[in-house]
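**Student:** Starting off with a structure, shown below.
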2 protein chains.
Amino acid sequence: MRGHGQPEISGSESEEESETMRCISCKVEYGRHEAGTCKECYEEASETEEELKREIEDLKAKVAFLRFWSPLDQLSRSHGGPCYTDVVLVASSQDGPAVPVPAHKAILVSRSPVFKAMLENEMEESRSGAIKISDISYEALRAFVNYLYTAEACLDEQMACDLLELAEKYQVKHLKAYCEKFLVSKLIWDNSIISYAFAHQHNAKHLLDASLSLITDNMDKLTKREEYMELVEKDPRLVVEIYEAYLSKQVNTAAHKDSSIKQ
Amino acid sequence: MRGHGQPEISGSESEEESETMRCISCKVEYGRHEAGTCKECYEEASETEEELKREIEDLKAKVAFLRFWSPLDQLSRSHGGPCYTDVVLVASSQDGPAVPVPAHKAILVSRSPVFKAMLENEMEESRSGAIKISDISYEALRAFVNYLYTAEACLDEQMACDLLELAEKYQVKHLKAYCEKFLVSKLIWDNSIISYAFAHQHNAKHLLDASLSLITDNMDKLTKREEYMELVEKDPRLVVEIYEAYLSKQVNTAAHKDSSIKQ
C-alpha cells in the first residue's frame with residue numbers, strides 16, 4: 001500500500017509513514033485495518049462521555065441529598081439529638097431478649113406497600129407501635145431497616161439471602177433487585193442448585209434464570225451432586241423444570257446447527 | 001474520495017483510495033487528516049459509554065427509591081392514608097389566613113442543619129409543632145417543602161430566587177446549587193446587574209462569577225443602565241467590585257497579549 005499522509009500539505013513522506021496514522025486517544029500509530037472512528041465521531045463520543053459523567057455526578061449528589069440518615073446511625077454513631085421515631089421493629093425469632101429497631105412510620109409506609117397496609121389499616125402493629133418480623137436475625141433486620149433509609153447494604157451471601165427474603169415479603173423491589181444482582185454475581189457451579197431452589201422459593205427471576213443456565217450447562221455432573229438428590233426428595237417439580245429447560249436448550253441448539261448446515 | 005475495502009487483503013488500490021478509510025461509528029469515509037481513534041480505543045470508549053449508561057440507570061433507580069412522597073402529594077392527589085406528619089410550616093407573611101404545610105420533623109432535621117438546631121433545642125418551634133417562615137409566599141413554601149422530600153422543583157426565575165433564598169437561610173445546599181444552576185442558565189445582559197446584586201446578597205458564588213463576567217464583557221453599556229444607577233445609590237461597594245473585576249481582567253488580558261508578542 002502506498003498512499004501518504006495529509007496529501008493537501010505534504011507530499012514527501014516515505015511509504016511506511018503513509019500506512020500509519022496516530023490515534024487521537026492513545027497516541028499510538030495504527031494501520032488502516034485497525035482504524036476506529038473519524039475525528040468528528042471521536043469528538044462527539046468524548047462530549048457524550050463528558051455529559052454522561054456530569055449526569056452521574058448530578059445523580060450522585062441527588063442520592064446523597066435524598067439519602068436519609070438511619071435511626072440506627074443515630075444510635076450507633078451518636079449523631080445526637082432525637083430521631084422522632086414512632087414505631088419499632090422487633091426480630092421475633094430472637095433467642096434471648098429482642099432488641100427493638102426504631103424507625104419512622106412515614107419511611108416504612110413510603111418504602112413498602114406491605115408496611116403501608118399494615119400501619120394504615122389499624123392492625124395490631126399500628127396500635128401497639130411495634131412490628132414483629134418473624135424468622136430473621138437482629139443483624140438482618142438492622143440491615144433491612146438501614147436499607148430503607150439509605151439504599152445501601154453491606155452484603156455477603158447469607159445477608160443477601162436474608163435481605164432478599166425480607167424484600168420479597170415486604171415488597172421492597174429495589175432491595176430485592178440489589179440482592180439478586182449480588183447473588184447472580186456470586187453464582188458458581190457449587191452453589192448453583194441451592195441458588196436455583198432459593199430463587200424458586202422467593203420468586204427471584206434473574207437468579208433463577210442465571211442458575212438454571214449454569215446447571216443446564218453442566219448436566220453431566222448434575223446427578224452426582226448431593227444437593228440434586230436432596231432436591232429430588234424435597235421438591236421433584238423443580239428437578240423436572242431443570243430437565244425441561246435442558247431439553248428445550250438441546251432442541252434450540254439442534255435447530256440452530258441444522259439451519260447452519262443448510263446455509 | 002473513492003476508496004473501498006480492507007487494504008490488508010487487497011494491494012491494488014490507487015493512491016486516492018489508500019487515503020480514505022471508513023469510520024466504524026458513522027460509516028462515512030474519511031481521509032487520514034480526519035482520523036480519530038484506532039479500533040481498540042473505539043471499542044474501549046463504547047464499553048465505557050455502556051458502563052456509564054448502566055450506572056446512570058442504577059442511580060436513577062436509587063433516586064426513585066429514596067425519593068420520598070411529599071405530604072403535599074398526599075394532600076393534593078389524595079394518596080389516601082395518614083402521613084404521620086408531626087410538624088407544620090407556616091408562611092407568616094401571608095395576607096389572609098395562612099395555610100399550614102404539614103411535614104415530618106425527621107425529614108426537616110435530615111435535610112437542614114438549621115431546622116435541626118431549631119427542633120432539637122427545644123425552641124418555640126419544637127414545643128408548638130409549628131415553624132413560621134417569614135417573607136415568603138405559600139407557593140414558595142410548598143415548593144420548598146416538596147423539594148426536601150423529592151429533590152425536585154418546577155422552577156421559573158421568580159421561584160428559583162425564592163427557593164435560593166430559603167435554601168440559603170436553611171442551609172439546604174443541594175437546593176441552593178440547583179437554583180443557582182438554573183439562574184446561571186437564564187443569565188442575559190438584561191438581568192445581569194440584578195442577578196449580580198442578588199447573588200451578592202445571598203452568597204451565591206457561581207451566579208456571582210457568571211454575572212460579573214457578563215457585566216465586565218459589556219462595560220461600554222454598563223453606566224447607561226438604570227439598574228447600574230440604582231446600585232450606585234444603594235450599594236456602591238458592589239459597583240466598586242465590578243470595576244475591580246474589570247480592571248483585573250484588563251491587566252490579565254494585557255499581560256497575555258504582552259507575552260504573546262514577546263514570543
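Only the coordinates and a few stated rules stand behind these numbers; no lab work does. From a predicted model like this one, the values you see are computed outputs, not experimental measurements. Don't worry about glycine lacking a Cβ; one is built from the backbone with ideal geometry, like all the others, and counts go over all protein chains shown.
**Student:** For segment B:126-263, state what percent of all Cα-Cα pairs lands in each successive 5 Å bin, counting from 0 Å until the bin that includes the largest distance.
**Tutor:** Percent of Cα pairs in each bin: 2, 9, 18, 17, 15, 13, 10, 7, 5, 3, 2, 1, 0, 0, 0.
**Student:** Just for the protein assembly as shown, what percent of DSSP beta bridges are antiparallel, to the closest 5? Spell out each step's value before the answer.
**Tutor:** Details: 14 of 22 bridges.
In the protein assembly as shown, DSSP labels about 65 percent of beta bridges as antiparallel.
**Student:** State, to one decimal in nm and shortest first, how far the label point of A:Glu47 sits from each corresponding label point in the other identical copies (label point: 7 angstrom along Cα-to-Cβ).
**Tutor:** In nanometres, ordered from closest: 2.7.
**Student:** Using only the Cα atoms of the protein assembly as shown, what semi-axes does the equivalent ellipsoid have when each is the square root of 5 times a gyration tensor eigenvalue? Give whole Å, largest first. Intermediate values should be presented prior to the final figure.
**Tutor:** Details: eigenvalues 504, 478, 55 Å².
Values for the protein assembly as shown, descending: 50, 49, 17 Å.
**Student:** Using 0.36 nm per residue, how much length does the chain from A:Glu139 to A:Asn252 gain when fully extended, once their Cα-Cα distance is taken away? Each step should come with its number before you reach the end.
**Tutor:** Values: separation 113, 0.36 × 113 = 40.68 nm, distance 4.54 nm.
Computed gain between A:Glu139 and A:Asn252 is 36.1 nm.
**Student:** Measuring nothing but label to label, 7 Å from Cα along Cα→Cβ, what are A:Ser128's distances to the other copies in nm, shortest first?
**Tutor:** Sorted ascending, the copy-to-copy spacings read 3.9 nm.
**Student:** Another question, if that's okay. Please give the charge dipole size of the protein assembly as shown, origin at the Cα centre, charges +1 on K and R Cβ atoms and -1 on D and E Cβ atoms. Round to the nearest 20 debye.
**Tutor:** On the way: 62 positive and 92 negative charges, 367 e Å.
With only Lys, Arg, Asp and Glu charged at Cβ, the dipole is about 1760 debye.
**Student:** Can I ask one more? Relative contact order of chain A, please, whole-number percent, based on alpha carbon pairs below 8 angstrom and at least 6 residues apart.
**Tutor:** Numbers: 253 pairs, mean separation 25.9, N = 263.
Computed over chain A, the figure is 10 percent.
**Student:** With N denoting the number of residues in segment A:22-68, provide Rg(C-alpha) divided by 2.2 N^0.38 Å, to two decimal places.
**Tutor:** Taking N as the residue count of segment A:22-68, the ratio is 1.78.
**Student:** While we're looking at this one, here's another question. Which of the lysines could a cross-linker bridge to B:Lys176, judged by Cα under 19 Å and excluding same-chain residues fewer than eight apart?
**Tutor:** Reachable lysines: A:Lys60, A:Lys62, B:Lys116, B:Lys186, B:Lys205.
**Student:** Let me know the volume per residue of the alpha-carbon convex hull for segment B:187-263, in Å³. Write out the running numbers ahead of the final one.
**Tutor:** Details: hull volume 7.0 nm³, N = 77.
Dividing the Cα hull volume of segment B:187-263 by its residue count gives 91 Å³.
**Student:** Label B:Lys27 and B:Glu57 with points 7 Å out from Cα along Cα→Cβ: what is the distance between them in nm?
**Tutor:** 2.5
**Student:** Then there is this: What is the set of long-range amide H partners of B:Val87 at a cut-off below 5 Å, with H atoms built 1.01 Å from backbone N?
**Tutor:** Result for B:Val87 returns B:Ala103, B:Lys105.
**Student:** Would you list the P(r) distribution for segment A:79-194, with all Cα-Cα distances sorted into 10 Å bins from 0 and each bin expressed as a whole %?
**Tutor:** 13, 44, 31, 10, 2
**Student:** For B:His33, place a label point 7 Å from Cα along the Cα-to-Cβ direction in every copy; what are the distances to the other copies, in nm, shortest first?
**Tutor:** 2.8
**Student:** Which net charge results when you count Lys and Arg as +1 and Asp and Glu as -1 among the other residues whose beta-carbon is under 14 Å from that of B:Lys221? Spell out each step's value before the answer.
**Tutor:** Details: positive: B:Lys224, B:Arg225; negative: B:Asp190, B:Asp217, B:Asp220, B:Glu226, B:Glu227.
Local net charge: -3.
**Student:** Additional query: Please list the three semi-axes, largest first and in whole Å, of the ellipsoid equivalent to chain B, using sqrt of 5 times the eigenvalues of its alpha carbon gyration tensor. Intermediate results must be reported in sequence, preceding the final value.
**Tutor:** Values: eigenvalues 515, 234, 44 Å².
The three semi-axes for chain B are 51, 34, 15 Å.
**Student:** Given N residues in segment A:165-216, what is Rg(Cα) / (2.2 N^0.38 Å)? Show your work: numbers first, answer last.
**Tutor:** Details: Rg = 10.4 Å, N = 52, 2.2 N^0.38 = 9.9 Å.
So the Cα radius of gyration is 1.05 times the expected 2.2 N^0.38 Å.
**Student:** Only helices at least 30 Å long along their axis, Cα-based, and averaging -0.5 or more on Kyte-Doolittle count here, so list those DSSP H runs from chain A. Don't jump to the answer; show the numbers that get you there.
**Tutor:** On the way: long enough: A:39-66 (40 Å, -0.97); A:236-262 (39 Å, -0.36).
For chain A, where a helix must reach 30 Å along its axis and average at least -0.5, the hits are A:236-262.
**Student:** Quick check: Cα centre of segment A:105-167 to Cα centre of segment A:202-244, how many Å?
**Tutor:** Centre-to-centre distance over Cα atoms comes out at 30 Å.
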